[in-house]
1. Given R₀ = 51 Å, what would the calculated FRET efficiency be for A:E463 paired with A:M638, taking r from the Cβ atoms and rounding to 0.05?
2. Step through the table entries A:K230/B:K175; A:K436/A:K806; A:K326/A:K370; A:K258/A:K370, compare each Cα-Cα distance with 29 Å, and write down the pairs that go over it.
3. For peptide B:42-55, how many partner chain Cβ atoms fall within 10 Å of a residue's Cβ, on average?
4. Residue by residue, what Karplus-based ³J(HN,Hα) values in Hz, rounded to whole numbers, does region A:331-340 have, using 6.51, -1.76 and 1.60 with θ = phi - 60° and x for Gly and Pro?
5. Please compute the net charge surrounding A:A308, taking Lys and Arg as +1 and Asp and Glu as -1 over other residues with Cβ under 13 Å from its Cβ.
6. Amide H to amide H, which residues 5 or more places from A:K742 or on other chains are under 5 Å from it, using H placed in the peptide plane?
7. Would you work out the charge dipole size for region A:290-330 about its Cα centre, treating the Cβ of every Lys and Arg as +1 and the Cβ of every Asp and Glu as -1, and quote it to the nearest 20 debye?
8. Report the gain in length on full extension from A:R455 to A:N583: 0.36 nm times residue separation, minus Cα-Cα distance, nm rounded to one decimal.
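Where a number appears in this text, it was derived from the coordinates with a stated rule and is not lab data. All figures in this text were calculated on a predicted structure; none of them were measured in a lab. Positions of Cβ are backbone-derived with ideal geometry, glycine not excepted, and every protein chain shown enters the neighbour counts.
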Amino acid sequence: MGWLKGVQKGIMGRVEYGARSTFDPDLSKSWRVTATDLQIVSHSFRVDSSQLPLSAQATRLGSDQIQLSAQATRLGSGQIQLSAQATRLGSDQIQLTVHSNIEHMDLVASRKECELSIPVTGPHFCSVSLDTSATDVGLEFACMVLAPIISYDFTPTAYRFSFMTTPREPASLFSPRNMQPRSHSLVAPVTPLPPPPPLGTSSLEERLRLLLTPPIHEILSDPQLCLPEKPYPYQTMGIKWLYDRQYALLADEMGLGKTMQAIIAARLLYREGLINQVLIVCPKTLIPNWQTELRMWWPQVSSNISVADSDRQWFLRLGTSRIVVKIINYEALAREADWLKTQKFSHDLIIIDEAQRIKNPGRKTALAVKALRGQRRWALTGTPLENKADDLVSVFEFLKRGVLRYGSSNDTIREAISPHLLRRKTEEVLPDLPEKIEQDIEVELEGDQREAYVRAETEGVVELNAKGDKVTITHVFALITKLRQICNFEPVSGESSKVALLCEDIEEIVESDRKALVFSQFVAEDFGIARISRILKERQWGPLELHGRIPQGSRTAVVKKFTTDQESKVLLLNYAVGGVGLNLQAANYVYLFDRWWNPAVEDQAVKRAHRIGQKSKVFVRRFFCKDTIEERILKKLMEKRRLFSHIIDEGRPDQSMGLSEEEIFSLFNLKIRPRVPSKPSTPVPIILENLDPTEFENLVAVLYEKQGYQVTVMAGSHDQGIDILAEKSVAGGKERVAVQCKHVQDNVGRPVLQQLWGVVCHDASITRGDLVTSAGFTREAKDFGHGKRVGLIDLAQLQQLVREFKVAKFVAETSGKGTKS
Amino acid sequence: MSPRNGSTDGSPSSEMPSGVILGYLSCPQDAANGFLGAMLITDFRARPLHFAFVSPVRPTAMQRLLYGATLAEHVKVDVIAKKLMQGLPFRPSVVFVDSCDMVSARRVVGLPTAFLTKNEQPQGAAAHLSTLRYDTLGHTEDQESIGVVVSELEPWIDLIEPFSRLMDALKEAQKTSSKS
């Protein structure tokens, strides 16, 4: 360290510093270098007291921190130590601290420490004034950048979002018995994706939540959801569309599954904990349908549904967790219109079905619905309200007030409602639908009609029993016919639940410019076509009729008018006349007002519309009355599902309905007459490859019957993969066999067998499980089944059994392919 | 390629394992934005529980020089992954990454980490058993735990699908950040 001598007053000690490495410091960015990278250049100089003030200069090189230190060592007698330290405090200041061990030294601040704040925008000066009698004062400045560093660290900022959900599902759903692997329940992805809800000013968190929610097809593929059937792609899209929206008008054409889409969307919201309760408002005639659909698509909520009774106000206020779904009809709700205006309770989700019911804004129905408070509001309708602007305004006053105004142009209205409206027509979703959609529609008898039915059945059974051994099948049929007539219409008042339901549909069909066929076995005024026709005429729907009472020469004209006249929307036919040979493809909605029960006859009826030349999908709706003879017959037929039901064995009446005499008698729990042994039947030739899965199941069912089992064929979706339940009494108890049928070409593998084994293990009443296939089994499957209570029946064994019990005769196709008998 | 552990017969458990929490970590890179990063935490049904992303990291020329070939790993692992792991409200059972180089995030993640991808090559008779491949890149101690989670959840959910949601959310977040 050397001294600079000869310094004059105002000596400047210049301190410089620099980095050892070469770099180009970008002053626009913050950077630091380690102190070790610097060469510390220090100067020491000696001054005498006359040469004060002494200053040092530092030049900022863009560092975050600068440390200046100055040290003075007195040379000569005594010692002076003076140090100055500068620390950059912030972006614009440096603090210089000067320490001194000199007593009696007057520093600038008359303190032992001197603190100076130095702006860093330019060259920095720090000065230390010393006033001392010392003759030799050494002052050393050293400048050093502090340890903090000019570093090349990266410092990104993190942003976090939490989505706390409390997924909810009744515990029973987690039973292993309900579970199937995902491969069984895969729902196809939807392309294109449904349009996102209008987010507008939604927060980033809300947008992220929507993006991070699993795709709808993945949610619906969750095996814990246990959907009985996979939704069609357009339905998947509709479910997602509803799920994302607080306000929504689902206006799919009738028959495309609006109810189902709404139920599943509501179920998903409930499952996520986003809603706790749903209020459904619908026409009274549709309440049973909603209950049926809820049982099908949301079975876990079955015991948590409440239908409004007389205490409507209590019902509407009901908000316990025990009731998840509340259903009230429009008429009942309308009675509380005034009361609702004064109430403040709110529902999580309100669904109004047949939303066109509130299109008239002045009516009490509309006023009552609009008075309801709800966080989410969905409206369902099959009527193309988009064509009627004012009707839409009233509906949107319920959905989201302020979206529409009366008097707006149609274009304005369409644009305003576009984010909240989803309507698909049958033709748009044509590729996704099967050619024919059939539904059994449950109808509930009420009031006088129910009383009349109960009375007639009770009295009828009494009369049959009174006949004792003399009772014949004819007597039974007479009672069945009488009861079926009452199911159509109450004899005195003409009250009809079926007609009420039919009219709901016909209204939408007319509005949608579609056409419908309505079949009935009865033509007479009291119970059949004539009465239906009169009712439809009163509604200005101008129905046409086609039955035995229409002169032969006029029938062609009727058909032509129905086909060509746009105003003719409904054609009423009986099975006998309307069931054969007619081309009625102008209609794509077919109603079986009452059943013929013979599938072939009903199929012929449906084929009037479902035939070559039909441009639209055909919707078939088959009415049956709940808790009546109609339901009992339907259940029996579904259980049996005969393979060759169109073949009527000799000795059976034509109206056998596909049921045996014993089964017909059992409809009323009557004692049967001694049976006449039937002629042995000849095995029917079957080409195995031509059977569809249902026919294969029926074949297997018949096989078990022939072996003495009482057989139940599982209807609809398969219960845990089981297709047939076969029971028979054996020594020591009852043998109960769960049968799974696999009509496939490839060998059945282990996973299928494991699933069957799972069912056997979890149900103590099942003796064993049988897996019947028209192919074979893999080695792994055979190994797995070894030693377990499962039977593997492959093609060879099946052929042997079929031959042994004379069920059928497998033959090859004429091309020579197929299975040999 | 790590062998699969867990169930050897391919049959799914009769119950869906609950309580498993999954982590999905991705650090994509592009010329415009530099390095991005996001993490998605889900429950056993792949429902989102937590999402975090970082502001873009755009290295300067000096940084590229100083870090050289180690730049990408340093940024992705020591900077972004470490940042994302801080303050997680849920501790994942496993962390899946969508690129091989991200498996090295194991050292900052502190949890079993694996590169998850679809199994493009059927494995003969066992092809029907799994459609996924997972790679722990030498962290053999993680193979079992990863294997158990994959084999138990694979029959019930699509384990790879959350990555696409993560990327969509990251894009949306970046869009919002750049506007502000």
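1. According to the calculation, E is roughly 0.95.
2. Correct reply: A:K230/B:K175; A:K436/A:K806.
3. Mean partner shielding for this stretch: 6.
4. So the Karplus estimates, Gly and Pro as x, are 5, 5, 5, 4, 5, 9, 4, 5, 5, 5 Hz.
5. The answer is +1.
6. Those qualifying (amide H under 5 Å, at least 5 residues apart or on another chain) are A:V772, A:T773, A:S774.
7. Around 100 debye, computed over region A:290-330.
8. 41.9 nm
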